[in-house]
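Following: one structure in structure tokens, then a few remarks.
The values are calculated or read from the model by the stated rules, or taken from the named source; none is laboratory data. The structure presented is a predicted model; accordingly, all values stated were derived computationally and were not measured. Quick reminder, even Gly has a Cβ in these numbers, built from the backbone with ideal geometry, and neighbours come from all protein chains shown. The protein model used for the area step is the full one, side chains on, heavy atoms only, and it has no ligands, DNA or RNA in it. Shrake-Rupley method; radii C 1.70, N 1.55, O 1.52, S 1.80 Å.
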Amino acid sequence: MGRVELSIYMPNYMPNGSEEVAIDTTRGSVRVRLFGKECPVTVGNFLELAAKGFYDNLKFHAYREGSAVMGGCPVTRAMGPAQVLAATQGLIRGMHPGTGDARYTIVDEWAANPKNVHKLGSLCFAHKQAPNSGSSQFYFSLGEQPQFDDQYTVFGETVEGLDVVQSLRVGDAITGIRIEGADEERLSWAISQETPHPETARETMERLERQKVTREAENEAAEKTAAATEGDGIIA
């Protein structure tokens, strides 16, 4: 079966520009001011996922000194810190931290964002090589990195807890994300809405089987109609 193409999602929550989040980790808490006006899709998506508890107990799965520490991969949810570290080193077969997503993607917003500058504590959205392929994974920039300013969306800045950001390593967990300054009624409505997702392998097989049954029934009906029409012609 070929690679599944994920749907592009437009968040239901529209940020008001005042939102901040406190990302609680096993190393401590990091407070981030979000750029809701500058990159509303990225911030809206992050807030919806956070409000749903998507990020709870996910582990940071990548670290590069002076560059970034990355988290937000659901593959790490059921893994312990040691397992995440071992898996990133290729020591656990079948576990690949960094490959998970929210079963949809969002559009990139770095080009039109005047605050899209990588510096120490910047909160940035990760994506794959293709355009508009970000989903749930994010990273903290660990320094000035202008080479990434036209590649990845910067959607927030750390206002408290830079020491925690710098201490994060592979295996450290997100214990929860607290949202402040959001329109709570609107956010509650937004996360109650259904989000797009591709079919699972089972759903695909079931759909194909239903289509097969429908085609066979249509063919059988067409054959009966043709036979009846032919018979009418003979009688006439």
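What the table shows:
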read-out: Loop trypsin sites (Lys or Arg not before Pro), the range 79-161 (other Cβ atoms within 10 Å of the site Cβ: 15 or fewer; DSSP); value: Arg93, Lys115, Lys119, Lys128
read-out: Size of charge dipole - the chain - debye, nearest 20, with Cβ of Lys, Arg +1 and Asp, Glu -1, no other charges; value: 840
read-out: Debye log10 I(q)/I(0) for the range 68-169, one point scatterer per Cα, at q = 0.11 Å⁻¹; value: -0.36
read-out: Heavy-atom accessible surface of the chain: percent carbon and sulfur, 1.4 Å; value: 52
read-out: For the chain, built as a Gaussian network whose Cα springs stay under 10 Å, the top-fluctuating residue of Gly44, Gly171, Gly90; value: Gly90
read-out: The range 60-139, accessible area per residue, ligands and nucleic acids excluded (1.4 Å, Å²); value: 49
read-out: Within the range 1-100, GluC sites (Glu not before Pro) in DSSP loop having at most 15 other beta-carbon neighbours inside 10 Å; value: Glu5, Glu65
read-out: Total lysine pairs whose alpha carbons fall under 25 Å of each other in the chain (8 or more apart, or interchain); value: 10
read-out: Label-point separation, Leu91 to Lys52 (7 Å along Cα→Cβ), nm; value: 3.3
read-out: Compactness relative to 2.2 N^0.38 Å, alpha carbon Rg of the chain; value: 1.36
read-out: The range 41-168, dipole about Cα centre (Lys/Arg Cβ +1, Asp/Glu Cβ -1), debye to the nearest 20; value: 520
read-out: D (Stokes-Einstein, µm²/s), Kirkwood Cα radius, the range 1-81, 1.567 mPa s at 4 °C; value: 89
read-out: Calculated FRET efficiency for the pair Glu144/Ala78, C-beta based, R₀ 35 Å, to 0.05; value: 0.45
